[in-house]
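Working notes for the structure below.
Nothing in this text is a laboratory measurement; each read-out follows from the coordinates by a stated rule. Only a predicted model underlies this, so the values are computations on that prediction, with no experimental measurement involved. Cβ placement follows ideal geometry from the backbone for every residue including glycine, while neighbour counts extend to all protein chains displayed.
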Amino acid sequence: MSDQSMKHPPALWTLFLSEMWERFCYYGMRALLALFLIESMMKGNSEAFLIYGAYTALVYAAPILGGRLADKFLGYQYAIMLGAVLMSIGEFLIVASTDLLDLNRALRDSLMLIGMGGLIVGNGYFKANISTIVGKLYADGDPRRDSGFTIFYIGINVGALLATTVVAVVGKQYGFEYGFGLAGLGMLAGLFIFWSGRKKYAHVPNINITEAGREKWLGMERWKSITILSLLLIPLCYVLISQNTWLIYLLIGIFVLVVFQLISAGVKEGGVWRDRMIALTIMMVINIIFWAAFEQAGTSLTLFAKENVNRMVGSWEMPATMTQFFNPFFIITFGSLFSWMWIKLDAMGKNPSIPMKFSYGILQLGAGFLVTLVALNFANDAFQVPLITLVFLYMLHTTGELFLSPIGLSMVTKLAPKNIAGTAMGGWFLSFAMANYLAGAIATLTGGESHGGETIVLSAEEGLHKYVDTFSTLGFVLIGFAILIALLSKPLNKLMHGVV
C-alpha cells in the first residue's frame, strides 16, 4: 500500500481540533466538579459523587436524541454548532454559580444545575455527530478507518491533557470561576475551528439540514422548532440531576428502547444486519462494565489522591485535580503507536478481533486497580501511598482504554446500517451514560458517609484501607470478566459477520 493511499482526509484534522477544544471544555469542568461540589458547594462526598454520576450519565445519554435529530432533520453541521453554543452558555452559567458574584446558596445551586443542563443538551448535539462525520470520511473497508479514529481519539486526549493541567491547576489555585471560565473559552475556540473548516467536510452525506428539517412544524421550519424545544430539555436535566436516585430506571428504559430500535432496523435490512445489531447490543453491555470502573478518575480516584497519596514532587505538591492528567498524557504518548500497530497487525493477518481487544482492555483496567494493593505495602507514616501508584494505575487504565474506546467508536460505524448511523452512535454513548451513573454509585463505596447521609469520619489509615479494598475487589472482578469475554469471542465474531 502506498504512502499516499495511507494519508487521511484533510477534514480529519479540522474535526481533531474541534473535538480537542470541546473535550478541553468537558474535561476541564469534570476535573474540577467533584471538588467544587465538596469544597465550594458544601456537598457531602456521597451526594457529590451521585450528582457527578448523574451529570456525566446525562452527558452521555443526550447523544441518543442529538444523533437521531441530526440524522432526520438537522444535519450534522448545524447540530454540532448548536451543541457548541449551548455548551459555552452552560459553562459560563456555572462560572456564575461560583463565589464570583457572591450569590446565596440556593441561587448558586440553581445556576449550577441550569449550566449543567446546557452542557448536557449541547453535548448531545455535538458528541455523537462529530464522531459520525469521522466515520463517514472513509469508505467501507478502508483500512485507515481504525487508524483515523485513533488519531481522532488522540485529539480528544490532547484536550483532556490541557484541561487536567491548565484548567485543573488554574481552578484550584486561583478559584473555580477561572477554571470554568477557561473551559467555556475552549468551547468557543472549538466552535470557531469547526465553522472555519466547513468546506473540508462539505461532501459528507447528511451534513446539511435535511428536506424533512425544512418542512413546516409548529408554525416554522422544523429545524427552528427543534432548536427552541431543545431549550426546554435544560430544566428537565435540572430535575434529573437534583433527583438522581431514580435516574438509573430512566436510563434502563431508554436503553431497552434504543436496543429495540436498533435490532428492528437490523431485521428490516436482513439477517446479517440483525446479527450485527445483536452483537452491538452485547458490546454496549461490555462497554458499560468497562467505563463504570474506568470513570472512578473524576470521583473516588481524585479523592484518593487528595487524601491518601503523597503528591509531593520535590518541594511542589501536585493538586489532586491534576492527577487526572496521567490518563490523557499516556493516551498521547501511546496513541500514535497504537494507531500504527493496528495497521501493521492487520497487514500481518494478526490483528485481534474486536471482542478480544475488549477483553485485553478490561484485563489491563483490572490490573491497574490491583496496583493499589501492591502500593499499600509502601504507605508512609501518614498512610499515603507513593505518587508512582497513580502513574502505574493510570498507565494500565490508558493502555486498556486504547484497546477498547477508539476501536468501539470505529466498530459502531462498521456494524450499523448507514441510515441509522447517528442513532447507533447515540446508543453507543448511552452505554457510557449508564456506566457513568454506575461509576458514581461505585464511588460512594469508598466515601466516609453512610447511605443515610450520616457523616462518618474515617481516620487516614481506615480511609486508605477502604480505598484499597474497594479498588482491589473491583480489579479482581474485572479480570474475571475479561476472561469471560475472551471465552465468548468466537460466538461474538460470528454475530459480527466478518467485521474487524
Inter-label distance for Q173 and W195, nm, one decimal - labels placed 7 Å from Cα along Cα-to-Cβ | 3.3 nm
The pairs in K200/K224; K7/K494; K199/K350; K268/K494 lying past 29 Å Cα-Cα in this model are K7/K494; K199/K350
Sequence-distant aspartates and glutamates (8 or more away, or on other chains) whose Cα lies within less than 14 Å of K172 = E39, D99, E317
Once Lys and Arg get +1 and Asp and Glu get -1 on their Cβ, which of L257, V391, A292 lies farthest toward the positive end of the dipole of the chain?
-> L257
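Under the rule of -39500 (n - 2.57) per DSSP H run of 4 or more residues, summed and divided by the residues of the chain, what mean residue ellipticity at 222 nm is obtained, to the nearest 500 deg cm²/dmol? Please report the intermediate quantities before stating the final value.
Numbers: 18 runs with 359 residues, N = 500.
The helix-only estimate for the chain comes to -24500 deg cm²/dmol at 222 nm.
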Between the alpha-carbon centers of region 1-62 and region 73-87, tell me the distance in whole angstrom.
-> 17 Å
For N208 and L458, what does the FRET efficiency come to when R0 = 51 Å and r is the distance between their Cβ atoms, rounded to the nearest 0.05?
-> 0.35
Euclidean distance of C-alpha centroids, region 231-266 and region 173-197, integer Å = 28 Å
Treating the beta-carbon of each Lys and Arg as +1 and of each Asp and Glu as -1, no other charges, what is the dipole magnitude of the chain about its Cα centre, to the nearest 20 debye?
-> 1820 debye
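Quick one: grab the alpha carbon gyration tensor of the chain, order the square roots of its eigenvalues as a ≥ b ≥ c, and give me rounded if a/c is under 1.5, else prolate or oblate depending on whether a/b is larger than b/c. Walk me through the numbers before you get to the answer.
Working: a/c = 1.59, a/b = 1.20, b/c = 1.32.
Taking the square roots of the gyration eigenvalues as a ≥ b ≥ c, the chain is oblate.
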Based on the alpha-carbon gyration tensor of region 158-256 and its eigenvalue square roots a ≥ b ≥ c, which shape applies: rounded if a/c is under 1.5, prolate if not and a/b is larger than b/c, or oblate?
-> oblate
Rounded to one decimal in nm, the spacing of the 7 Å Cα→Cβ label points at L100 and E221 is 3.4 nm
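Evaluate the charge dipole of region 128-286 about its Cα centre and quote only its size in Debye, nearest 20, assuming +1 on the Cβ of each Lys and Arg and -1 on the Cβ of each Asp and Glu.
Details: 14 positive and 9 negative charges, 60 e Å.
Computed about the Cα centre, the dipole is about 300 debye.
Which whole-number percent is the relative contact order of region 9-496 (Cα, under 8 Å, 6+ apart)? Walk me through the numbers on the way to the answer.
Details: 831 pairs, mean separation 131.1, N = 488.
That works out to 27 percent.
Determine, for each peptide in 17-30, 81-94, 305-318, the mean count of other beta carbons within 10 angstrom over its residues, then list the peptides with the highest first. It would help to have the intermediate numbers written out before the result.
Details: 17-30: 26.9, 81-94: 24.2, 305-318: 15.0.
Packing order, densest peptide first, comes out as 17-30, 81-94, 305-318.
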